[in-house]
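Step one of this worksheet: look at the structure below.
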Amino acid sequence: MSLAAFILAIVPAVVLMVLIYKKDKIEPEPFGLLIKLFFLGVLSILPAVAMESVGELVEKALFTEGSIPHLFFDNFLIVAVAEELVKYFAFRIGAWKHKAFDYTFDAIVYMGCVAIGFAIPENLLYVLDGGVSLAILRAVTSIPGHICFGMFMGYYLGQAKICEAAGDLAGRKRNLRLSLIIPILVHGFFDFSISVGSLLMFVCFFVFIVVIDVITIKLVVRSSKDDRRIWPEEMLPDTGDMMISEGDDGEGQA
(Lines give C-alpha, C1' and ligand atoms only; values in the text may rest on other atoms or scores of the structure.)
Protein backbone atom coordinates (compact mmCIF):
# COMPACT_ATOMS: atom_id res chain seq x y z
CA MET A 1 0.00 0.00 0.00
CA SER A 2 1.36 3.39 -0.98
CA LEU A 3 1.55 6.27 1.49
CA ALA A 4 -1.01 8.22 -0.57
CA ALA A 5 -3.48 5.32 -0.44
CA PHE A 6 -2.91 4.94 3.31
CA ILE A 7 -3.60 8.64 3.93
CA LEU A 8 -6.70 8.59 1.72
CA ALA A 9 -7.99 5.57 3.60
CA ILE A 10 -7.80 7.35 6.97
CA VAL A 11 -7.94 11.13 6.61
CA PRO A 12 -11.51 11.51 5.21
CA ALA A 13 -12.97 9.62 8.19
CA VAL A 14 -10.97 11.67 10.69
CA VAL A 15 -11.95 14.96 9.02
CA LEU A 16 -15.64 14.03 9.07
CA MET A 17 -15.41 13.06 12.74
CA VAL A 18 -13.75 16.36 13.64
CA LEU A 19 -16.51 18.26 11.85
CA ILE A 20 -19.17 16.34 13.77
CA TYR A 21 -17.32 16.83 17.06
CA LYS A 22 -17.23 20.60 16.49
CA LYS A 23 -21.02 20.66 16.20
CA ASP A 24 -21.24 19.63 19.87
CA LYS A 25 -21.60 23.19 21.15
CA ILE A 26 -22.67 22.77 24.77
CA GLU A 27 -19.84 20.77 26.33
CA PRO A 28 -16.83 18.83 25.00
CA GLU A 29 -16.95 15.05 25.37
CA PRO A 30 -14.24 13.23 27.37
CA PHE A 31 -11.36 12.38 25.08
CA GLY A 32 -10.84 9.05 26.84
CA LEU A 33 -14.43 8.02 26.15
CA LEU A 34 -14.13 8.93 22.46
CA ILE A 35 -10.94 6.85 22.14
CA LYS A 36 -12.64 3.96 23.93
CA LEU A 37 -15.58 4.10 21.52
CA PHE A 38 -13.24 4.29 18.54
CA PHE A 39 -11.48 1.09 19.60
CA LEU A 40 -14.76 -0.62 20.38
CA GLY A 41 -15.68 0.19 16.78
CA VAL A 42 -12.42 -1.38 15.61
CA LEU A 43 -12.98 -4.50 17.70
CA SER A 44 -16.57 -4.82 16.51
CA ILE A 45 -15.23 -5.85 13.11
CA LEU A 46 -14.40 -9.29 14.54
CA PRO A 47 -17.94 -10.35 15.52
CA ALA A 48 -19.25 -8.77 12.31
CA VAL A 49 -16.91 -10.97 10.23
CA ALA A 50 -17.95 -14.04 12.23
CA MET A 51 -21.65 -13.28 11.72
CA GLU A 52 -21.14 -12.65 8.01
CA SER A 53 -19.24 -15.92 7.63
CA VAL A 54 -22.14 -17.87 9.14
CA GLY A 55 -24.57 -15.93 6.96
CA GLU A 56 -22.61 -16.82 3.83
CA LEU A 57 -23.03 -20.52 4.61
CA VAL A 58 -26.78 -20.02 4.90
CA GLU A 59 -27.13 -18.03 1.69
CA LYS A 60 -25.10 -20.55 -0.31
CA ALA A 61 -27.56 -23.23 0.71
CA LEU A 62 -30.59 -21.10 -0.17
CA PHE A 63 -29.78 -19.01 -3.24
CA THR A 64 -28.05 -19.09 -6.60
CA GLU A 65 -24.93 -16.96 -6.31
CA GLY A 66 -25.29 -13.58 -8.01
CA SER A 67 -29.09 -13.76 -8.26
CA ILE A 68 -31.20 -10.83 -7.07
CA PRO A 69 -32.59 -12.79 -4.08
CA HIS A 70 -29.01 -13.76 -3.15
CA LEU A 71 -27.79 -10.16 -3.38
CA PHE A 72 -30.77 -8.89 -1.41
CA PHE A 73 -30.29 -11.47 1.34
CA ASP A 74 -26.54 -10.88 1.47
CA ASN A 75 -26.62 -7.10 1.59
CA PHE A 76 -29.69 -6.48 3.74
CA LEU A 77 -29.94 -9.50 6.04
CA ILE A 78 -26.29 -10.45 6.46
CA VAL A 79 -23.89 -7.54 5.92
CA ALA A 80 -26.13 -4.66 7.01
CA VAL A 81 -27.60 -6.51 9.99
CA ALA A 82 -24.21 -7.80 11.19
CA GLU A 83 -22.34 -4.51 10.85
CA GLU A 84 -25.02 -2.25 12.29
CA LEU A 85 -25.76 -4.66 15.13
CA VAL A 86 -22.15 -4.80 16.31
CA LYS A 87 -21.84 -1.00 16.15
CA TYR A 88 -25.07 -0.68 18.13
CA PHE A 89 -23.71 -2.92 20.88
CA ALA A 90 -20.37 -1.11 20.84
CA PHE A 91 -22.30 2.06 21.71
CA ARG A 92 -24.44 0.35 24.34
CA ILE A 93 -21.38 -1.19 26.01
CA GLY A 94 -19.20 1.90 25.83
CA ALA A 95 -21.51 4.88 26.26
CA TRP A 96 -25.10 4.11 27.23
CA LYS A 97 -24.59 4.40 30.99
CA HIS A 98 -21.59 6.72 30.93
CA LYS A 99 -21.99 9.85 33.06
CA ALA A 100 -20.93 12.06 30.13
CA PHE A 101 -23.96 10.96 28.09
CA ASP A 102 -26.11 13.81 29.36
CA TYR A 103 -27.17 15.63 26.16
CA THR A 104 -28.96 14.25 23.11
CA PHE A 105 -26.26 15.30 20.63
CA ASP A 106 -23.69 13.28 22.59
CA ALA A 107 -25.10 10.09 21.04
CA ILE A 108 -24.30 11.40 17.55
CA VAL A 109 -20.71 12.18 18.54
CA TYR A 110 -20.29 8.78 20.20
CA MET A 111 -21.70 6.86 17.24
CA GLY A 112 -19.43 8.86 14.94
CA CYS A 113 -16.44 7.51 16.88
CA VAL A 114 -17.76 3.94 16.71
CA ALA A 115 -18.46 4.31 12.99
CA ILE A 116 -14.98 5.55 12.08
CA GLY A 117 -13.47 2.90 14.34
CA PHE A 118 -15.26 0.33 12.21
CA ALA A 119 -14.75 2.08 8.87
CA ILE A 120 -11.00 2.84 8.97
CA PRO A 121 -9.62 -0.72 9.32
CA GLU A 122 -12.25 -2.01 6.90
CA ASN A 123 -11.17 0.68 4.45
CA LEU A 124 -7.50 -0.18 4.90
CA LEU A 125 -8.19 -3.83 4.04
CA TYR A 126 -9.93 -2.84 0.81
CA VAL A 127 -7.30 -0.26 -0.16
CA LEU A 128 -4.45 -2.67 0.57
CA ASP A 129 -4.92 -4.25 -2.86
CA GLY A 130 -6.89 -1.53 -4.64
CA GLY A 131 -4.41 1.33 -4.31
CA VAL A 132 -5.00 5.06 -4.68
CA SER A 133 -7.90 4.85 -7.16
CA LEU A 134 -9.96 2.67 -4.82
CA ALA A 135 -8.99 4.83 -1.84
CA ILE A 136 -10.34 7.91 -3.63
CA LEU A 137 -13.57 6.12 -4.58
CA ARG A 138 -14.15 4.86 -1.04
CA ALA A 139 -13.30 8.28 0.41
CA VAL A 140 -16.39 9.72 -1.28
CA THR A 141 -18.66 6.66 -0.94
CA SER A 142 -18.02 4.10 1.78
CA ILE A 143 -16.46 6.36 4.42
CA PRO A 144 -19.30 8.94 4.28
CA GLY A 145 -21.69 5.99 4.11
CA HIS A 146 -20.54 4.55 7.42
CA ILE A 147 -20.68 8.01 8.99
CA CYS A 148 -24.25 8.47 7.72
CA PHE A 149 -25.36 5.12 9.12
CA GLY A 150 -23.78 6.10 12.44
CA MET A 151 -25.49 9.49 12.51
CA PHE A 152 -28.91 7.93 11.97
CA MET A 153 -28.25 5.40 14.72
CA GLY A 154 -26.90 8.07 17.06
CA TYR A 155 -29.92 10.31 16.54
CA TYR A 156 -32.40 7.61 17.55
CA LEU A 157 -30.23 6.46 20.46
CA GLY A 158 -30.26 10.01 21.77
CA GLN A 159 -34.05 10.08 21.48
CA ALA A 160 -34.29 6.71 23.21
CA LYS A 161 -32.20 7.99 26.10
CA ILE A 162 -34.32 11.08 26.62
CA CYS A 163 -37.46 8.90 26.56
CA GLU A 164 -35.88 6.70 29.21
CA ALA A 165 -35.16 9.73 31.38
CA ALA A 166 -38.78 10.85 31.04
CA GLY A 167 -40.09 7.40 31.95
CA ASP A 168 -41.52 6.93 28.45
CA LEU A 169 -40.74 3.23 28.03
CA ALA A 170 -42.80 2.91 24.84
CA GLY A 171 -40.86 5.79 23.27
CA ARG A 172 -37.60 4.25 24.44
CA LYS A 173 -38.45 0.91 22.80
CA ARG A 174 -39.59 2.61 19.59
CA ASN A 175 -36.43 4.68 19.24
CA LEU A 176 -34.14 1.76 20.08
CA ARG A 177 -35.82 -0.24 17.32
CA LEU A 178 -35.47 2.66 14.88
CA SER A 179 -31.80 3.07 15.83
CA LEU A 180 -31.25 -0.35 14.25
CA ILE A 181 -33.93 -0.53 11.56
CA ILE A 182 -33.11 2.77 9.81
CA PRO A 183 -29.31 2.21 9.55
CA ILE A 184 -29.86 -1.40 8.43
CA LEU A 185 -32.23 -0.35 5.64
CA VAL A 186 -29.98 2.51 4.49
CA HIS A 187 -26.84 0.35 4.69
CA GLY A 188 -28.56 -2.54 2.94
CA PHE A 189 -29.71 -0.44 0.00
CA PHE A 190 -26.30 1.25 -0.18
CA ASP A 191 -24.57 -2.12 -0.67
CA PHE A 192 -27.35 -3.72 -2.72
CA SER A 193 -27.50 -0.94 -5.31
CA ILE A 194 -23.78 -1.24 -6.11
CA SER A 195 -23.79 -5.05 -6.00
CA VAL A 196 -26.46 -5.56 -8.67
CA GLY A 197 -24.11 -4.36 -11.40
CA SER A 198 -26.68 -2.77 -13.72
CA LEU A 199 -26.30 0.76 -15.08
CA LEU A 200 -29.64 1.79 -13.58
CA MET A 201 -28.63 0.63 -10.09
CA PHE A 202 -25.21 2.21 -10.51
CA VAL A 203 -26.91 5.57 -11.13
CA CYS A 204 -29.26 4.91 -8.20
CA PHE A 205 -26.23 4.26 -6.01
CA PHE A 206 -24.67 7.67 -6.62
CA VAL A 207 -28.02 9.49 -6.38
CA PHE A 208 -28.64 7.67 -3.12
CA ILE A 209 -25.25 8.74 -1.76
CA VAL A 210 -26.00 12.39 -2.48
CA VAL A 211 -29.46 12.11 -0.89
CA ILE A 212 -28.30 10.44 2.34
CA ASP A 213 -25.35 12.84 2.61
CA VAL A 214 -27.70 15.82 2.41
CA ILE A 215 -30.14 14.25 4.88
CA THR A 216 -27.28 13.46 7.27
CA ILE A 217 -25.87 16.99 7.13
CA LYS A 218 -29.31 18.43 7.87
CA LEU A 219 -29.83 15.91 10.68
CA VAL A 220 -26.51 16.78 12.34
CA VAL A 221 -27.05 20.53 12.02
CA ARG A 222 -30.60 20.35 13.35
CA SER A 223 -29.63 17.99 16.17
CA SER A 224 -26.81 20.33 17.17
CA LYS A 225 -29.21 23.30 17.33
CA ASP A 226 -31.85 21.28 19.22
CA ASP A 227 -29.37 19.70 21.64
CA ARG A 228 -30.89 19.38 25.11
CA ARG A 229 -30.11 17.94 28.48
CA ILE A 230 -31.28 14.36 28.97
CA TRP A 231 -31.38 14.32 32.76
CA PRO A 232 -32.82 17.18 34.82
CA GLU A 233 -30.08 18.53 37.08
CA GLU A 234 -31.92 17.49 40.23
CA MET A 235 -31.79 13.84 39.03
CA LEU A 236 -28.00 13.83 38.72
CA PRO A 237 -26.17 12.42 41.77
CA ASP A 238 -22.92 14.00 42.88
CA THR A 239 -20.87 11.39 41.06
CA GLY A 240 -22.69 12.10 37.82
CA ASP A 241 -23.37 8.37 37.29
CA MET A 242 -26.81 7.61 35.95
CA MET A 243 -27.71 4.11 37.03
CA ILE A 244 -31.15 3.55 35.57
CA SER A 245 -33.13 0.37 35.93
CA GLU A 246 -33.95 -1.23 32.60
CA GLY A 247 -35.89 -4.18 33.90
CA ASP A 248 -39.28 -2.60 33.22
CA ASP A 249 -39.23 -3.22 29.48
CA GLY A 250 -37.50 -6.58 29.45
CA GLU A 251 -34.39 -5.34 27.62
CA GLY A 252 -31.07 -6.18 29.17
CA GLN A 253 -28.24 -3.67 29.33
CA ALA A 254 -25.55 -4.31 26.80
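The values are calculated or read from the model by the stated rules, or taken from the named source; none is laboratory data. Keep in mind the model is a prediction, meaning the values are calculated, not measured. With ideal geometry, Cβ positions are generated from the backbone for all residues, glycine too; neighbour counts draw on all protein chains shown.
Odds and ends about this structure:
- Filter result for Leu33 (surrounded by fewer than 20 Cβ atoms within 10 Å (Cβ to Cβ), aliphatic (A, V, I, L, M), at negative phi and without any contact (Cβ under 8 Å) to a residue 12 or more places away in the chain): no
- Pairs, first under 12 Å from Ser142 (Cα atoms) and acidic (Asp, Glu) in the stretch 186-198, second assigned to a helix (DSSP H, G or I) and modelled with pLDDT of 95 or more, C-beta under 9 Å, six or more apart: Asp191/Leu71; Asp191/Asp74; Asp191/Asn75; Asp191/Phe76; Asp191/Val79; Asp191/Ala80
- Filtered residue count, the stretch 182-208, keeping only those that are surrounded by 15 or more Cβ atoms within 10 Å (Cβ to Cβ) and more than 17 Å from Val79 (Cβ to Cβ): 1
- Close contacts from the stretch 45-68, counting a first residue that is free of Cβ contacts under 8 Å to residues at least 60 places away in the same chain and a second that is surrounded by fewer than 15 Cβ atoms within 10 Å (Cβ to Cβ), with Cβ to Cβ under 6 Å and a gap of 6+ residues or different chains, come to Phe63/Pro69.
- Only one entry of Leu16, Leu62, Leu40 meets the criterion of being more than 28 Å from Asp226 (Cβ to Cβ), among the aliphatic types (A, V, I, L, M) and out of contact with any strand residue (DSSP E or B) (no Cβ under 6 Å at 6 or more places or on another chain), and that entry is Leu62.
- Yes/no for Lys161 being farther than 14 Å from Phe208 by Cα and surrounded by 21 or more Cβ atoms within 10 Å (Cβ to Cβ): yes
- Considering each residue of the stretch 82-90 in turn, none proves to be touching a residue at least 60 places away in the same chain (Cβ under 8 Å), under 26 Å from Leu137 (Cα atoms) and over 16 Å from the mean Cα position of the chain (by Cα).
- Sole residue being among the small types (Gly, Ala, Ser), assigned to a helix (DSSP H, G or I) and farther than 24 Å from Val220 by Cα, chosen from Gly131, Gly112, Gly41: Gly131
- Residue in the stretch 149-157 that is in a helix (DSSP H, G or I), at pLDDT 95 or above and surrounded by fewer than 19 Cβ atoms within 10 Å (Cβ to Cβ) present: no
- Any hit, the stretch 103-114, residues being surrounded by fewer than 24 Cβ atoms within 10 Å (Cβ to Cβ), of a type in the set (D, E, K, R) and under 18 Å from the mean Cα position of the chain (by Cα): no
- Output for the stretch 63-84, where each listed residue is of a type in the set (A, V, I, L, M, F, W, C), assigned to a helix (DSSP H, G or I) and in contact with a helix residue (DSSP H, G or I) (Cβ under 7 Å, 6 or more places away or on another chain): Leu71, Phe72, Phe73, Phe76, Ile78, Val79, Ala80, Val81, Ala82
- Checked against (1) under 11 Å from the mean Cα position of the chain (by Cα); (2) surrounded by 22 or more Cβ atoms within 10 Å (Cβ to Cβ); (3) of a type outside the set (Lys, Arg), Val127 passes all but condition (1).
- Hey, Phe39 within 15 Å of the chain's Cα centre (by Cα) and surrounded by fewer than 17 Cβ atoms within 10 Å (Cβ to Cβ) or not: yes
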